[in-house]
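Here is the structure we will look at.
The values are calculated or read from the model by the stated rules, or taken from the named source; none is laboratory data. Worth saying up front: this structure is predicted, and the values here are computed from it rather than measured. Reconstructed Cβ throughout: ideal geometry from the backbone, glycine too, with neighbour counts over all protein chains shown.
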């Protein structure tokens, strides 16, 4: 039996565009008995409340009819993910798998386990399907079907049902799982380990198909694979790119006449993972909302430098503009470093000094409010003037404005609302400051030369909003701050080694009598929730990102 796996980059609710991608995959899969697409592939995952739009199901039905028409010309069976209407009680819709062949829907299966944790909220729209296995015989093989979360309960810890066990008891030869599994650091390894364990436990081979590409702040990494119960993952599609590949299944997997019995590893070093996820995330976000160019405020610091560098790789240097906006507190080195950086990257750098504007605002404040603005007010004023200039450029020239705050700063509110938080997307907002430095070094290594000047990497971080200002005046050193933040914000969602390291670090602080520092950081996190609520979307890189991955109230007693 020949099976084709198709991991494609869908645009949410672009039904015509998505069908065109699937039609192209049909041509690539010529000769296969079965072509497997991913979860909710007709609409893309996740359409959110668009499923409640009056014409959603009608538009999707048009796409399904196109796929049915395409299937009439071949004996190939197609596995498709779609939203279907619930004809029974409960929520009005199902998250479904359809098997179609020769113009007919031969099998309908509704997802049984609906996740409602972290970034998932499927019970908002969907009713779980009935607890019965979906089995279909094709090319002499009994196939069992699952949808994503259905396979993540092999120990029975999270749900009362175990759809995998039900398929095993039904006597299937192969389990086919369609998925829309969002990517975060360590996720590919987690998937391989989990599905290898599931296959080993039930004694059945499995095929896992994922989508690829970014939808809003969520990135899907593809990496579809086949699992042998004895050997684990034996074949895998690439990470972070669309692909269609064929395997032969006859009790075991083979490709090009070679039996597949070697375990496949898809793990990436953290910095390389962050690089690839950000580049794909920005490229898709811009393309899917209709931007081709971006503008970034260039301060001469590490955050804006890394943002400019990643944007140049994602969109091409010709499509990136940097603007340096020196004030009376800006060091000569900051402006000079911006010039060197943008020259290295091939990015156009513009200059718009703000000292005169700051003076005018200060005079106006004093003249109208009969008092001089405080130091904090003047600091924030500079950030807001810069944010306004960047938005002026964005409005006039049609560039998407990227913000440059990292996760450490966003966590503790070390940013100015309506200033450096202005923009349409933040591509490094899920990187702690220590990770920003690591990724900058990796960026230079990856390119084989010093594109981000070492002077930027080495300089002590400073907002340069007051004379002699350093980040360390207001915050603990970033290696200290980041460990406190990891433990508090992500906790057990961290990978085991990260969690243990953060626990040990914070415990050592407590033993040294530094609880006051920890308490102050936690207080800053709580007090900054209102800023995060108004910030632009952040490309998700870690297991718990700000946005829909961490939902906290503003008006609460912390």
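Against the test of being assigned by TED's automatic domain parsing to the domain that holds residue 210 and either exposed (fewer than 14 other Cβ atoms within 10 Å of the Cβ) or out of contact with any helix residue (DSSP H, G or I) (no Cβ under 6 Å at 6 or more places or on another chain) (or both), the options 115, 92 yield a single qualifying residue, 92.
Scanning the range 241-283 for residues that are touching a helix residue (DSSP H, G or I) at 6+ places or on another chain (Cβ under 6 Å) and surrounded by fewer than 22 Cβ atoms within 10 Å (Cβ to Cβ) yields 244, 266, 267, 271, 279, 283. Would you confirm whether any residue within the range 177-188 is within 20 Å of residue 33 (Cα to Cα), assigned to a strand (DSSP E or B), in contact with a strand residue (DSSP E or B) (Cβ under 9 Å, 6 or more places away or on another chain) and modelled with pLDDT of 95 or more? Checking the range 177-188: at least one residue is within 20 Å of residue 33 (Cα to Cα), assigned to a strand (DSSP E or B), in contact with a strand residue (DSSP E or B) (Cβ under 9 Å, 6 or more places away or on another chain) and modelled with pLDDT of 95 or more. Listed conditions (1) closer than 20 Å to residue 247 by Cβ; (2) buried (at least 17 other Cβ atoms within 10 Å of the Cβ) are all met by residue 139, apart from (2). For the range 192-212, a residue qualifies if it is under 16 Å from residue 273 (Cβ atoms) and either crowded, with 24+ Cβ neighbours inside 10 Å or modelled with pLDDT under 95 (or both), and the qualifying residues are 210, 212.
For the range 50-79, which residues satisfy the criterion of being in contact (Cβ under 8 Å) with a residue 24 or more places away in the chain and either in a loop (DSSP other than H, G, I, E, B) or not assigned by TED's automatic domain parsing to the domain that holds residue 121 (or both)? Scanning the range 50-79 gives 72, 74, 75, 76.
Is there a residue being assigned to a loop (DSSP other than H, G, I, E, B) and either closer than 20 Å to residue 308 by Cβ or without any contact (Cβ under 8 Å) to a residue 12 or more places away in the chain (or both) anywhere in the range 406-413? Yes, the range 406-413 contains at least one residue that is assigned to a loop (DSSP other than H, G, I, E, B) and either closer than 20 Å to residue 308 by Cβ or without any contact (Cβ under 8 Å) to a residue 12 or more places away in the chain (or both).
Within the range 315-333, the set of residues being surrounded by fewer than 20 Cβ atoms within 10 Å (Cβ to Cβ) and in a helix (DSSP H, G or I) comprises 317, 318, 319, 332, 333. Residue-level check: of (1) within 30 Å of residue 546 (Cα to Cα); (2) in a strand (DSSP E or B); (3) in contact (Cβ under 8 Å) with a residue 60 or more places away in the chain, residue 82 misses just (3).
This table checks each residue for (1) assigned by TED's automatic domain parsing to the domain that holds residue 76; (2) at pLDDT below 95; (3) in a strand (DSSP E or B); (4) under 21 Å from residue 83 (Cα atoms).
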| site | (1), (2), (3), (4) |
| --- | --- |
| 128 | yes, no, no, yes |
| 132 | yes, yes, no, yes |
| 135 | yes, no, yes, yes |
| 144 | yes, no, yes, yes |
| 153 | yes, yes, no, no |
| 161 | yes, yes, no, no |
| 168 | yes, no, no, no |
| 172 | yes, no, no, no |
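Given the criteria touching a strand residue (DSSP E or B) at 6+ places or on another chain (Cβ under 9 Å), crowded, with 17+ Cβ neighbours inside 10 Å and closer than 27 Å to residue 215 by Cα, does residue 312 qualify? Answer is yes for this residue.
Annotation note: of 99, 68, the sole residue that is buried (at least 20 other Cβ atoms within 10 Å of the Cβ) and closer than 22 Å to residue 146 by Cα is 99.
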